[in-house]
(Lines give C-alpha, C1' and ligand atoms only; values in the text may rest on other atoms or scores of the structure.)
Protein backbone atom coordinates (compact mmCIF):
# COMPACT_ATOMS: atom_id res chain seq x y z
CA UNK A 1 0.00 0.00 0.00
CA UNK A 2 1.43 3.43 -0.91
CA UNK A 3 2.39 5.71 1.95
CA UNK A 4 0.35 8.78 2.72
CA UNK A 5 3.05 11.01 1.23
CA UNK A 6 2.96 8.97 -1.97
CA UNK A 7 -0.76 9.72 -2.20
CA UNK A 8 -0.25 13.46 -2.02
CA UNK A 9 -0.42 15.05 -5.50
CA UNK A 10 2.47 17.17 -6.82
CA UNK A 11 2.57 20.60 -5.21
CA UNK A 12 0.16 19.66 -2.41
CA UNK A 13 0.06 21.78 0.70
CA UNK A 14 0.98 20.35 4.09
CA UNK A 15 0.15 22.22 7.30
CA UNK A 16 2.13 21.52 10.48
CA UNK A 17 0.68 22.69 13.80
CA UNK A 18 3.33 23.44 16.46
CA UNK A 19 2.00 26.30 18.53
CA UNK A 20 4.85 26.64 21.07
CA UNK A 21 7.30 26.59 22.92
CA UNK A 22 10.83 27.69 22.00
CA UNK A 23 12.71 24.40 22.30
CA UNK A 24 9.88 22.37 20.80
CA UNK A 25 9.69 24.72 17.83
CA UNK A 26 13.43 24.48 17.21
CA UNK A 27 13.32 20.69 17.39
CA UNK A 28 10.63 20.44 14.70
CA UNK A 29 13.03 21.82 12.08
CA UNK A 30 14.99 18.57 11.50
CA UNK A 31 11.72 16.78 10.71
CA UNK A 32 10.58 19.60 8.43
CA UNK A 33 13.86 19.34 6.53
CA UNK A 34 13.48 15.57 6.13
CA UNK A 35 10.00 16.10 4.68
CA UNK A 36 11.06 18.85 2.28
CA UNK A 37 14.12 16.91 1.16
CA UNK A 38 11.96 13.90 0.34
CA UNK A 39 9.18 15.88 -1.36
CA UNK A 40 10.62 19.24 -2.50
CA UNK A 41 7.45 19.92 -4.48
CA UNK A 42 5.28 20.20 -1.36
CA UNK A 43 4.34 23.61 -0.01
CA UNK A 44 4.81 23.33 3.74
CA UNK A 45 3.24 25.76 6.16
CA UNK A 46 3.58 25.90 9.91
CA UNK A 47 1.10 27.31 12.39
CA UNK A 48 2.75 28.88 15.44
CA UNK A 49 2.10 31.57 18.03
CA UNK A 50 3.55 34.95 16.94
CA UNK A 51 6.11 35.09 19.76
CA UNK A 52 7.77 31.94 18.40
CA UNK A 53 7.33 32.64 14.67
CA UNK A 54 10.90 33.99 14.45
CA UNK A 55 12.21 30.45 14.87
CA UNK A 56 10.91 29.67 11.37
CA UNK A 57 11.76 33.00 9.76
CA UNK A 58 13.84 32.69 6.55
CA UNK A 59 13.67 28.87 6.65
CA UNK A 60 13.79 27.75 2.99
CA UNK A 61 11.95 24.51 3.82
CA UNK A 62 8.79 26.48 4.64
CA UNK A 63 6.44 28.23 2.28
CA UNK A 64 4.34 29.91 4.97
CA UNK A 65 4.41 30.74 8.68
CA UNK A 66 0.83 31.14 9.85
CA UNK A 67 -0.84 32.52 12.99
CA UNK A 68 -2.95 30.07 14.99
CA UNK A 69 -6.43 30.81 13.71
CA UNK A 70 -9.17 28.69 12.17
CA UNK A 71 -9.46 31.14 9.29
CA UNK A 72 -5.73 30.83 8.48
CA UNK A 73 -5.90 27.03 8.68
CA UNK A 74 -8.81 26.89 6.26
CA UNK A 75 -7.36 29.49 3.89
CA UNK A 76 -4.11 27.54 3.54
CA UNK A 77 -6.12 24.64 2.04
CA UNK A 78 -3.81 21.81 3.08
CA UNK A 79 -4.25 18.30 1.77
CA UNK A 80 -2.50 17.00 4.91
CA UNK A 81 -2.44 18.60 8.37
CA UNK A 82 0.00 17.18 10.90
CA UNK A 83 -0.68 18.11 14.52
CA UNK A 84 2.65 18.13 16.37
CA UNK A 85 1.29 19.94 19.41
CA UNK A 86 -1.40 17.67 20.79
CA UNK A 87 -3.51 20.05 22.89
CA UNK A 88 -7.16 21.01 22.42
CA UNK A 89 -6.41 24.26 20.56
CA UNK A 90 -4.19 22.51 18.03
CA UNK A 91 -6.86 19.82 17.59
CA UNK A 92 -9.50 22.44 16.77
CA UNK A 93 -7.14 24.10 14.30
CA UNK A 94 -6.39 20.72 12.72
CA UNK A 95 -10.10 20.11 12.19
CA UNK A 96 -10.62 23.66 10.93
CA UNK A 97 -8.12 23.09 8.13
CA UNK A 98 -10.59 20.64 6.52
CA UNK A 99 -7.61 18.65 5.28
CA UNK A 100 -8.33 15.29 3.66
CA UNK A 101 -5.78 13.73 6.03
CA UNK A 102 -5.38 14.92 9.60
CA UNK A 103 -2.51 13.20 11.40
CA UNK A 104 -1.44 13.13 15.03
CA UNK A 105 0.20 10.78 17.49
CA UNK A 106 -2.12 8.04 18.74
CA UNK A 107 -1.32 8.85 22.38
CA UNK A 108 -2.76 12.37 22.06
CA UNK A 109 -5.94 12.79 24.11
CA UNK A 110 -7.33 14.81 21.21
CA UNK A 111 -7.38 11.84 18.87
CA UNK A 112 -10.90 12.78 17.79
CA UNK A 113 -9.31 15.39 15.50
CA UNK A 114 -7.20 12.90 13.56
CA UNK A 115 -8.06 10.32 10.94
CA UNK A 116 -4.41 9.23 10.72
CA UNK A 117 -3.05 7.85 14.00
CA UNK A 118 0.74 7.84 14.34
CA UNK A 119 2.17 5.10 16.58
CA UNK A 120 4.79 5.56 19.31
CA UNK A 121 8.18 6.73 18.09
CA UNK A 122 9.76 3.56 19.47
CA UNK A 123 7.51 1.44 17.26
CA UNK A 124 8.35 3.49 14.18
CA UNK A 125 12.09 3.55 14.89
CA UNK A 126 12.15 -0.13 15.88
CA UNK A 127 13.93 0.62 19.15
CA UNK A 128 12.58 0.23 22.68
CA UNK A 129 14.47 3.07 24.34
CA UNK A 130 13.83 6.59 25.46
CA UNK A 131 13.98 8.88 22.43
CA UNK A 132 15.11 12.47 22.02
CA UNK A 133 12.46 15.04 21.13
CA UNK A 134 14.02 15.52 17.68
CA UNK A 135 13.68 11.77 17.07
CA UNK A 136 10.10 11.77 18.29
CA UNK A 137 9.06 14.48 15.81
CA UNK A 138 11.06 12.95 12.94
CA UNK A 139 9.44 9.56 13.54
CA UNK A 140 6.12 11.07 12.42
CA UNK A 141 7.69 11.87 9.04
CA UNK A 142 9.02 8.34 8.72
CA UNK A 143 5.57 6.95 9.45
CA UNK A 144 3.99 9.16 6.79
CA UNK A 145 6.45 7.97 4.15
CA UNK A 146 9.80 9.73 4.42
CA UNK A 147 12.48 7.01 4.06
CA UNK A 148 14.26 6.44 7.40
CA UNK A 149 17.47 8.49 7.50
CA UNK A 150 19.82 10.16 9.92
CA UNK A 151 18.00 13.01 11.64
CA UNK A 152 19.88 16.23 10.92
CA UNK A 153 20.75 19.13 13.17
CA UNK A 154 18.03 21.72 13.77
CA UNK A 155 17.98 24.54 11.23
CA UNK A 156 17.73 28.24 12.08
CA UNK A 157 18.33 31.12 9.71
CA UNK A 158 19.10 34.83 10.10
CA UNK A 159 21.03 37.52 8.22
CA UNK A 160 24.73 37.66 9.16
CA UNK A 161 25.32 39.84 12.22
CA UNK A 162 26.91 43.25 11.68
CA UNK A 163 29.18 42.63 14.67
CA UNK A 164 31.61 39.76 14.03
CA UNK A 165 33.44 39.65 17.37
CA UNK A 166 33.39 36.11 18.86
CA UNK A 167 31.29 35.87 21.98
CA UNK A 168 30.34 33.67 24.89
CA UNK A 169 26.54 33.46 25.07
CA UNK A 170 24.96 32.98 28.47
CA UNK A 171 21.38 32.04 29.23
CA UNK A 172 21.16 32.08 33.03
CA UNK A 173 17.36 32.06 33.27
CA UNK A 174 14.67 29.38 33.06
CA UNK A 175 10.90 28.94 33.06
CA UNK A 176 10.95 27.75 36.69
CA UNK A 177 13.33 28.46 39.60
CA UNK A 178 14.19 24.77 39.94
CA UNK A 179 15.63 24.79 36.42
CA UNK A 180 18.02 27.70 37.02
CA UNK A 181 21.61 27.57 38.27
CA UNK A 182 22.31 30.43 40.74
CA UNK A 183 22.93 33.74 38.98
CA UNK A 184 26.12 34.54 40.91
CA UNK A 185 27.68 31.27 39.72
CA UNK A 186 26.78 32.08 36.12
CA UNK A 187 28.47 35.46 36.48
CA UNK A 188 31.57 33.91 38.03
CA UNK A 189 31.79 31.28 35.29
CA UNK A 190 31.35 33.94 32.59
CA UNK A 191 34.23 36.02 33.97
CA UNK A 192 36.49 32.96 33.97
CA UNK A 193 35.47 31.81 30.48
CA UNK A 194 35.37 35.18 28.70
CA UNK A 195 39.02 34.97 27.58
CA UNK A 196 38.76 38.14 25.53
CA UNK A 197 35.34 37.29 24.17
CA UNK A 198 32.32 39.52 24.55
CA UNK A 199 29.84 37.99 27.02
CA UNK A 200 26.26 38.21 25.74
CA UNK A 201 23.44 37.43 28.18
CA UNK A 202 20.03 36.37 26.85
CA UNK A 203 17.10 37.41 29.03
CA UNK A 204 13.33 37.45 28.85
CA UNK A 205 11.06 40.39 29.69
CA UNK A 206 10.63 39.44 33.35
CA UNK A 207 14.16 38.28 34.13
CA UNK A 208 16.35 40.02 36.71
CA UNK A 209 19.47 41.02 34.79
CA UNK A 210 21.09 43.00 37.63
CA UNK A 211 23.76 40.33 38.33
CA UNK A 212 24.89 40.61 34.69
CA UNK A 213 25.02 44.38 34.20
CA UNK A 214 28.76 44.21 33.41
CA UNK A 215 27.97 42.15 30.29
CA UNK A 216 26.04 42.82 27.10
CA UNK A 217 22.41 41.99 27.91
CA UNK A 218 19.81 41.19 25.26
CA UNK A 219 16.59 41.57 27.23
CA UNK A 220 13.41 40.47 25.43
CA UNK A 221 15.25 40.80 22.15
CA UNK A 222 13.62 39.66 18.88
CA UNK A 223 14.46 36.08 17.97
CA UNK A 224 16.31 37.33 14.89
CA UNK A 225 18.68 39.29 17.17
CA UNK A 226 19.20 36.23 19.37
CA UNK A 227 19.98 34.12 16.30
CA UNK A 228 22.50 36.68 15.11
CA UNK A 229 24.25 36.62 18.48
CA UNK A 230 24.42 32.83 18.38
CA UNK A 231 25.92 32.94 14.88
CA UNK A 232 29.06 34.49 16.35
CA UNK A 233 29.14 32.48 19.57
CA UNK A 234 32.09 30.18 20.20
CA UNK A 235 30.62 28.81 23.44
CA UNK A 236 27.15 28.63 25.01
CA UNK A 237 26.52 28.23 28.73
CA UNK A 238 22.99 27.97 30.00
CA UNK A 239 20.19 26.17 31.74
CA UNK A 240 18.05 23.55 30.03
CA UNK A 241 15.82 25.87 28.00
CA UNK A 242 14.93 27.00 24.50
CA UNK A 243 18.09 29.07 23.84
CA UNK A 244 20.20 25.94 24.42
CA UNK A 245 18.41 24.31 21.47
CA UNK A 246 18.92 27.45 19.40
CA UNK A 247 22.65 27.33 20.15
CA UNK A 248 22.78 23.68 19.12
CA UNK A 249 21.09 24.55 15.82
CA UNK A 250 24.04 26.80 15.01
CA UNK A 251 26.53 24.12 16.06
CA UNK A 252 27.75 26.12 19.04
CA UNK A 253 29.69 24.03 21.60
CA UNK A 254 27.45 24.06 24.65
CA UNK A 255 27.51 23.43 28.38
CA UNK A 256 23.95 22.92 29.57
CA UNK A 257 22.76 22.40 33.14
CA UNK A 258 19.87 20.05 33.84
CA UNK A 259 17.85 19.75 37.03
CA UNK A 260 14.81 17.49 37.03
CA UNK A 261 14.26 17.41 33.25
CA UNK A 262 15.62 14.43 31.32
CA UNK A 263 18.75 15.10 29.22
CA UNK A 264 18.10 11.98 27.14
CA UNK A 265 14.97 13.71 25.85
CA UNK A 266 16.16 17.33 25.86
CA UNK A 267 19.96 17.42 25.48
CA UNK A 268 21.48 19.67 22.79
CA UNK A 269 20.90 17.93 19.47
CA UNK A 270 23.80 17.30 17.08
CA UNK A 271 26.35 19.67 18.54
CA UNK A 272 29.39 19.17 20.77
CA UNK A 273 28.08 19.52 24.30
CA UNK A 274 28.58 18.75 27.94
CA UNK A 275 25.44 18.07 29.95
CA UNK A 276 25.71 18.54 33.71
CA UNK A 277 22.79 16.89 35.43
CA UNK A 278 21.76 17.42 39.05
CA UNK A 279 18.30 15.97 39.78
CA UNK A 280 18.88 16.77 43.46
CA UNK A 281 19.05 20.48 42.60
CA UNK A 282 21.20 22.72 40.42
CA UNK A 283 22.66 24.43 43.48
CA UNK A 284 24.76 21.29 43.96
CA UNK A 285 26.78 22.08 40.80
CA UNK A 286 29.95 23.98 41.65
CA UNK A 287 31.45 26.64 39.42
CA UNK A 288 34.60 24.53 39.14
CA UNK A 289 32.63 21.67 37.61
CA UNK A 290 31.19 23.97 34.95
CA UNK A 291 34.59 25.48 34.16
CA UNK A 292 36.13 22.01 33.84
CA UNK A 293 33.38 20.92 31.44
CA UNK A 294 33.78 24.05 29.31
CA UNK A 295 37.56 23.80 29.23
CA UNK A 296 37.39 20.16 28.20
CA UNK A 297 34.81 20.93 25.52
CA UNK A 298 36.82 23.79 24.02
CA UNK A 299 39.98 21.69 24.00
CA UNK A 300 38.39 19.15 21.67
CA UNK A 301 39.53 19.37 18.04
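Here are some notes:
- Residue in region 197-218 that is assigned to a loop (DSSP other than H, G, I, E, B) and in contact with a helix residue (DSSP H, G or I) (Cβ under 7 Å, 6 or more places away or on another chain) present: yes
- Scanning region 81-138 for residues that are assigned to a loop (DSSP other than H, G, I, E, B), touching a helix residue (DSSP H, G or I) at 6+ places or on another chain (Cβ under 9 Å) and touching a residue at least 40 places away in the same chain (Cβ under 8 Å) yields 84, 85, 97, 99, 130, 131, 132.
- Looking across region 263-289, the residues that are at pLDDT 95 or above and out of contact with any helix residue (DSSP H, G or I) (no Cβ under 9 Å at 6 or more places or on another chain) come down to 263, 264, 284, 288, 289.
- The number of residues in region 123-158 that are within 15 Å of the chain's Cα centre (by Cα) and outside the structural domain of residue 57 (by TED's automatic domain parsing) comes to 7.
The values are calculated or read from the model by the stated rules, or taken from the named source; none is laboratory data. Only a predicted model underlies this, so the values are computations on that prediction, with no experimental measurement involved. Ideal geometry is used to build each Cβ from the backbone, glycine not excepted, and the neighbour counts take in all protein chains shown.
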